[in-house]
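Please read the structure below before turning to the comments.
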Amino acid sequence: LAGAVLTPRQLAAAGQRAENEVVGAPTGIMDQTASLLGREGAAVFVDCRSGEAATVPLDLDAADLACLVIDTKVTHAHATGGYADRRAACERAAAVLGVASLRELAVADLPGLEQRLDGALLRRVRHVVTENARVLQAVELLRGPGPLALGGLLDASHASLRDDFEVSCPELDLAVEPARAAGAAGARMTGGGFGGSAIALVPRPGLPAVRAALAEAFAVRGYAAPDTFTVRPAAGARRLA
């Protein structure tokens, strides 16, 4: 509306600044970048240190797969509470280890950190380092065998988010476990945690069974029924004029 000529990368940075400085949420650039640089049939691979991004093939239709979102309806707030605590813990760990960012660490470095970090900080670092490795492996798999191969990485990611980063909740765990048992190739919580949604990679013929299993599991536990819907990669936000 102002006539500003901003690149997607500049717009993503502006979105992050609004969240950081106005809302007070110490978030990164992932959501904004994915929203702006999305492409049909592709995932967005973001380097959050450099700000660079690239698209990676994610042809769910060709693999006869669906990405099922499971909205637990548990609300969460990024400006306060656990999300900010996790960010601060990562920064403290980096300072103790003398690195500018945990990004500088590799999986091979983890065994040597046990004497330098307390239990909680070690778990936070282990999640970040192993999750970075899983992202790189996911890119390789998408460029090779395709999305069905991601199932194990999704499962491992959720376990790490639950046990090491400790940002899951009973409803998110319940969204993941019955989906896998009913035939999902893999599932994990998504977003900042402490509520929100999970995603499951499901063979399309198995969608009714997964949805039924989720509804039953939530009812047995006395939780509100989750909303479930499928999503697919699409073109990013853009001006239509």
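The values are calculated or read from the model by the stated rules, or taken from the named source; none is laboratory data. As the structure is a prediction and not an experimental result, all values here were calculated from the model. Neighbour counts run over all protein chains shown; Cβ positions are idealised from the backbone, glycine included. Heads up: the accessible areas ignore ligands, DNA and RNA and are worked out on the full protein's heavy atoms, side chains in. Shrake-Rupley method; radii C 1.70, N 1.55, O 1.52, S 1.80 Å.
For segment 1-57, how many residues are within 19 Å of the chain's Cα centre (by Cα), more than 12 Å from ALA237 (Cα to Cα) and β-branched (Val, Ile, Thr)?
Final tally of qualifying residues: 6.
Of everything in segment 81-122 that's of a type in the set (D, E, K, R) and assigned to a helix (DSSP H, G or I), which residue is most open to solvent (accessible area, probe 1.4 Å)? Spell out how you get there, then give the answer.
Here is the first cut: in segment 81-122, the ones of a type in the set (D, E, K, R) are 85-87, 91-92, 103-104, 109, 114, 116, 118.
Now narrow it down to the ones that are assigned to a helix (DSSP H, G or I): 85-87, 91-92, 103-104, 109.
Details: ASP85: 91, ARG86: 36, ARG87: 101, GLU91: 103, ARG92: 131, ARG103: 91, GLU104: 97, ASP109: 66 Å².
Looking at the filtered set, the residue picked out is ARG92.
Looking at this structure, is VAL167 at negative phi, open to solvent by less than 20 Å² (accessible area, probe 1.4 Å) and part of a loop (DSSP other than H, G, I, E, B)? Even if it seems obvious, please write down each step before you answer.
On the way: at negative phi: yes; open to solvent by less than 20 Å² (accessible area, probe 1.4 Å): yes; part of a loop (DSSP other than H, G, I, E, B): yes.
In short, yes.
Of the conditions (1) farther than 25 Å from PRO208 by Cβ; (2) in contact with a strand residue (DSSP E or B) (Cβ under 8 Å, 6 or more places away or on another chain); (3) modelled with pLDDT of 85 or more, LYS73 fails just one. Which one is it?
For LYS73, the exception is condition (1).
Is it the case, given these coordinates, that VAL176 is open to solvent by less than 50 Å² (accessible area, probe 1.4 Å), more than 27 Å from ARG86 (Cβ to Cβ) and not small (Gly, Ala, Ser)? It would help to see each step written out before you state the result.
Working: open to solvent by less than 50 Å² (accessible area, probe 1.4 Å): yes; more than 27 Å from ARG86 (Cβ to Cβ): no; not small (Gly, Ala, Ser): yes.
Criteria not met by VAL176.
Looking at LEU142, LEU154, can you tell me which residue is over 15 Å from the mean Cα position of the chain (by Cα), crowded, with 19+ Cβ neighbours inside 10 Å and touching a residue at least 12 places away in the same chain (Cβ under 8 Å)?
Numbers: LEU154 fails: over 15 Å from the mean Cα position of the chain (by Cα).
When all the criteria are applied, what remains is LEU142.
Just the residues that are among the small types (Gly, Ala, Ser), touching a residue at least 12 places away in the same chain (Cβ under 8 Å) and either out of contact with any His (no Cβ under 7 Å at 6 or more places or on another chain) or assigned to a helix (DSSP H, G or I) (or both), please, taken from segment 194-219. Walk me through it before giving the result.
At the first step, the residues of segment 194-219 found to be among the small types (Gly, Ala, Ser) are 195-198, 200, 206, 209, 212-213, 215, 217, 219.
Next cut, touching a residue at least 12 places away in the same chain (Cβ under 8 Å) only: 195-198, 200, 206, 209, 212-213, 217.
Residues satisfying the conditions are SER197, ALA198, ALA200, GLY206, ALA209, ALA212, ALA213, ALA217.
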